[in-house]
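So the structure is just underneath, and the comments pick up after that.
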Amino acid sequence: MRPISRRLLVGLGILAVVGTLALWRRGSPDRSAPRSREAAAEQAARDYLQLEARERAAAEQVWAPELEAARHEDELWRWWDLLKAAPNPWKVLGELPVGQVVLPGLRKAEELGLLSWSFTPGNPAEATPWREVVEIGSSAGWTLGATTWSVVAHDPAQGTRPGRSRVRITAQFEQRPRQLRANLELVASVGWQGGVHPVPLVDQVQVESGELVLRSGPVPFRLWLEDLIPTERSIFADPLLAWDLDGDGVSELILVGADRIWRRTADAAGPGTWRSADWLGLPRERIVAALRVDVNGDQWDDLVLADSTGVRWWSGGVQGPSVGAPHVGWMAPVPLKHPQVMTAGDIDGDGDLDLWVAQYKLPYQGGQFPTPWDDANDGFPSYLLRNEGDGRFSDITEGSGLAAKRFRRSYSASWIDLDLDGDLDLVNISDFAGLDVYQNQGRGTFVDVTPSLGSARHAFGMSHVVGDLNHDGRPDLLMLGMTSAVADRLGYLGLERGEGDLTRIREMTVGNRLYWGALGAAGLVPAPASWSAAVARTGWTWGAAWADFDLDGALDLAVANGHETRASVRDYERQFWWHDRFVADSRNHPVADLYFRTASGRRQADQASYGGWQSNVLLRNQGPRRWLDLAWLWGVAELADCRNLLAEDLDRDGRIDLIVTTQEEWPVRRQRLLVFRNELPPGNWSGIQWSGPYPTGGRLELKTSTGRQSHWFLTGDGFRSQGSASVVLGLGPAEPIDLKVIPIGHPVRNVTGIHSREWKSVSRQ
């Protein structure tokens, strides 16, 4: 922690004086006010100095072993910065001060058009000089692309024994003339040289485990659209909707916050092109939550917005929502400050759609911090709104069973029939808390069944996705979260600041958490570690989607990653774990606010990132408990701070395309809409197009010659995104037999004669 400067003290005094003066002006004149303002300024400076001193002492006394680990990680970050900026990364690698490398043993496997080699520990007696290893890679004609480096464990130096770090490394390689791409993931033990050096020097690197995967041929996902998103209206351009407005079976793409639409122009010779235009002329808002659902029961989807005023909606019709004045659905008792997510469903069985509107609250602002940081319920209120039958809503939160935790800092939520009893339960995902599950008692009142999940409910919850991974007909839920190399190191070193802190850190940083749909109180149970670990570590994850991209009958996982990338890979995570959690509570406080602003200012001055330099991930389901990240090999590993993600068959060829948005701060501030067209070889599939309003809360069950597949029509899942009502189900070698459609609150519909490689239109009875 840097010592406080005189200039900063002066700034503190000014802030205190201004604050005191503002309070004085609200009251009666007081001749002692100048002296009071001076005393307030002095007290603010003392409080800040005391806070700085306390945190500096904590760093030296509590986190001392972690400080050594960070010093070594700083050297790796320096290498990483040099590599990503170098015209010739191989030259930089060859000049790194590394002694020898213990190369791994290799096990080769060939599967599904890929060559992969898994690593086994090598023989330390057969170490190879570092420069020879670099020469092997550079002489083979590979171009080195994006890399990542993180220290996940560290053994500090003791006596004459030098320190040793466990480092997780990823790297992307390409040979364009030969159309080859390779993806490397490995864990290496890095032994540092003993003695005192200005910077740590590497003695030996030993590869412990990992995998190298190679693919030949053109990348199967082609960039179909890249367009700048207008941000004049708001920095929050989303929510992202895929909505077939003209009924031609092809979805338009809409960014509601930007009031912008993208339409595909037909092209007989190819997939067509995209054109954008202004949309409805929606009122300007800082942030909105949005859905396309039928709230007035006229069998047309309406555009429903939760904004600062409450809930408003625009009537739907043949061409989508109408332009003009909206209907007022509900006036909020106080302005909504951050309406993050809205989900719709018939919770009481009366035939119309009710709403759950949940808000997010940013940490840090005003000098407040989520408290407790692993179970915070100190945000802006959520609301349960009952539809009175014509799109007018009443607040029934109190007495519903949902009020106790209504102040979560929520990111996503969905009504879904978890226990398959015919009514809609609620899942709510929150930052600084995780998953909450509420079981519907049959008439729109709820019981909190979250405690049955135990500690497995905790996460920095960012969003969720639902699918049937094990083909048992029950909804499996993946809560998207985050991992942290700093947290990994604190766990390895056994460091904590207060009793129980380490346990809380471990619970919160598992990453993504997978739950099986199952009998029991919550309708969910934690999935076995053999399944959940494989999908846990995807990065700082936002939007995601389960989809069968290769049509083999198994769901794959696409993920949008990255928080804030800046010029350097140096990261703010240490500050969060060492200090920020202990500086403030739920109340706004000027001294804590200045502390956070000062820490942020240092990060800005250093051009340091915060969860940055992360590529998107696409985990291909290779079979039970076997997943491979093929994002780079398939052409969708966008290295940018991404947010929304949808998986949609946009050209109705039976192959699922990817839609992603970015929100970038560096090297220029911009937001982009990206569409990647899936050009994998055609496979065996069934396409189902729902006719009529979006069947929120309902599900499809497709019986095949080898089993069954299920799909749920949800709102509020993913990250501020809603897909269309069209579904592509990959069949692999199976043949479809029949389809059961089960909308909540409507009769079961059976459709027979579903054929592969065709689209079938399905409507409610």
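The values are calculated or read from the model by the stated rules, or taken from the named source; none is laboratory data. This one's a predicted model, so the numbers in the text were calculated from it and none came from an experiment. Note: ideal-geometry Cβ built from the backbone for every residue, glycine included; neighbour counts use all protein chains shown. Heads up: the accessible areas ignore ligands, DNA and RNA and are worked out on the full protein's heavy atoms, side chains in. Shrake-Rupley method; radii C 1.70, N 1.55, O 1.52, S 1.80 Å.
Can you tell me which residue among 176, 161 is out of contact with any Gly (no Cβ under 7 Å at 6 or more places or on another chain), within 22 Å of residue 86 (Cα to Cα), open to solvent by 30 Å² or more (accessible area, probe 1.4 Å) and modelled with pLDDT under 95?
Answer to the check: 176.
Filtering region 611-648 down to residues that are among the polar types (S, T, N, Q) and crowded, with 21+ Cβ neighbours inside 10 Å, which residue is farthest from residue 561 (Cα to Cα)?
621
Among the listed residues 510, 535, 466, 449, identify the single one that is in contact (Cβ under 8 Å) with a residue 60 or more places away in the chain, β-branched (Val, Ile, Thr) and in contact with a Ser or Thr (Cβ under 9 Å, 6 or more places away or on another chain).
Step by step, each of 510, 535, 466, 449 is checked, and only 466 is in contact (Cβ under 8 Å) with a residue 60 or more places away in the chain, β-branched (Val, Ile, Thr) and in contact with a Ser or Thr (Cβ under 9 Å, 6 or more places away or on another chain).
Within the group 757, 720, 749, which residue is at pLDDT 95 or above and basic (Lys, Arg)?
720
Since residue 557 meets every condition but one in (1) under 23 Å from the mean Cα position of the chain (by Cα); (2) not in a strand (DSSP E or B), which condition does it not meet?
With (1) under 23 Å from the mean Cα position of the chain (by Cα); (2) not in a strand (DSSP E or B) applied to residue 557, the lone miss is (2).
Give the residue that is surrounded by the fewest Cβ atoms within 10 Å (Cβ to Cβ), with candidates limited to residues of region 231-272 that are within 13 Å of residue 284 (Cα to Cα) and β-branched (Val, Ile, Thr).
235
Being of a type in the set (Val, Ile, Thr), free of Cβ contacts under 8 Å to residues at least 24 places away in the same chain and either out of contact with any His (no Cβ under 6 Å at 6 or more places or on another chain) or not in a loop (DSSP other than H, G, I, E, B) (or both): is that true of residue 343 here?
No, not satisfied.
In region 572-592, how many are among the small types (Gly, Ala, Ser) and either assigned to a loop (DSSP other than H, G, I, E, B) or touching an Asp or Glu at 6+ places or on another chain (Cβ under 6 Å) (or both)?
Total meeting the criteria: 2.
Any residue that is modelled with pLDDT of 90 or more, under 25 Å from residue 639 (Cβ atoms) and crowded, with 19+ Cβ neighbours inside 10 Å - is there at least one of those in region 195-204?
Within region 195-204, not a single residue is modelled with pLDDT of 90 or more, under 25 Å from residue 639 (Cβ atoms) and crowded, with 19+ Cβ neighbours inside 10 Å.
Let's see how each residue does on (1) at negative phi; (2) in contact (Cβ under 8 Å) with a residue 12 or more places away in the chain:
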residue: 238; (1), (2): yes, yes
residue: 247; (1), (2): no, yes
residue: 253; (1), (2): yes, yes
residue: 256; (1), (2): yes, yes
residue: 259; (1), (2): no, yes
residue: 267; (1), (2): yes, no
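Being under 18 Å from residue 415 (Cα atoms), touching a residue at least 24 places away in the same chain (Cβ under 8 Å) and among the acidic types (Asp, Glu) is true for just one of 348, 390. Which residue is that?
None of the others qualify; the one that does is 348.
If we keep just the residues of region 505-542 that are of a type in the set (D, E, K, R) and closer than 26 Å to residue 582 by Cβ, which is most open to solvent (accessible area, probe 1.4 Å)?
506
Among 486, 569, which is the only one that is touching a helix residue (DSSP H, G or I) at 6+ places or on another chain (Cβ under 7 Å), surrounded by 22 or more Cβ atoms within 10 Å (Cβ to Cβ) and either in a helix (DSSP H, G or I) or among the charged types (D, E, K, R) (or both)?
486
Can you run down the residue pairs with Cβ atoms below 6 Å, 6 or more apart or on separate chains, where the first is in region 577-596 and at negative phi and the partner is open to solvent by 20 Å² or more (accessible area, probe 1.4 Å) and of a type in the set (Ser, Thr, Tyr)?
These pairs meet every condition: 585/371; 586/371; 596/364.
Identify all residues within region 380-418 that are farther than 20 Å from residue 350 by Cα and open to solvent by less than 40 Å² (accessible area, probe 1.4 Å); write none if there are none.
Correct list: 381, 382, 403, 406, 408, 409, 410, 411, 412, 413.
Looking at region 386-403, is at least one residue in contact with a Ser or Thr (Cβ under 7 Å, 6 or more places away or on another chain) and outside any loop (DSSP other than H, G, I, E, B)?
Yes: region 386-403 contains one or more residues that are in contact with a Ser or Thr (Cβ under 7 Å, 6 or more places away or on another chain) and outside any loop (DSSP other than H, G, I, E, B).
With in contact (Cβ under 8 Å) with a residue 60 or more places away in the chain, outside any loop (DSSP other than H, G, I, E, B) and either farther than 30 Å from residue 577 by Cβ or open to solvent by less than 30 Å² (accessible area, probe 1.4 Å) (or both) as the only criterion, which of 90, 117 stands out?
117
Only one of (1) closer than 25 Å to residue 320 by Cα; (2) not in a strand (DSSP E or B) is not met by residue 666, so which one is it?
That leaves (1) as the condition not met.
What about residue 128, is it surrounded by fewer than 19 Cβ atoms within 10 Å (Cβ to Cβ), more than 30 Å from residue 493 (Cα to Cα) and among the β-branched types (Val, Ile, Thr)?
Spelling it out, residue 128 is indeed surrounded by fewer than 19 Cβ atoms within 10 Å (Cβ to Cβ), more than 30 Å from residue 493 (Cα to Cα) and among the β-branched types (Val, Ile, Thr).
Take residue 375 and tell me if it is in contact with a Phe, Trp or Tyr (Cβ under 8 Å, 6 or more places away or on another chain), among the charged types (D, E, K, R), over 30 Å from residue 422 (Cβ atoms) and open to solvent by 40 Å² or more (accessible area, probe 1.4 Å).
Taking the combined requirement at face value, the residue satisfies it.
Pick out the one residue from 687, 707 that is surrounded by fewer than 22 Cβ atoms within 10 Å (Cβ to Cβ) and in contact with a Phe, Trp or Tyr (Cβ under 6 Å, 6 or more places away or on another chain).
Just a single option satisfies the conditions, and that option is 687.
I'm trying to understand the selection: among the residues of region 298-312, which are open to solvent by 10 Å² or more (accessible area, probe 1.4 Å) and part of a strand (DSSP E or B)?
312, the sole residue that qualifies.
It is to be established whether one or more residues within region 597-610 are among the basic types (Lys, Arg), free of Cβ contacts under 8 Å to residues at least 12 places away in the same chain, open to solvent by 10 Å² or more (accessible area, probe 1.4 Å) and farther than 18 Å from residue 512 by Cβ.
The answer is yes; a qualifying residue exists.
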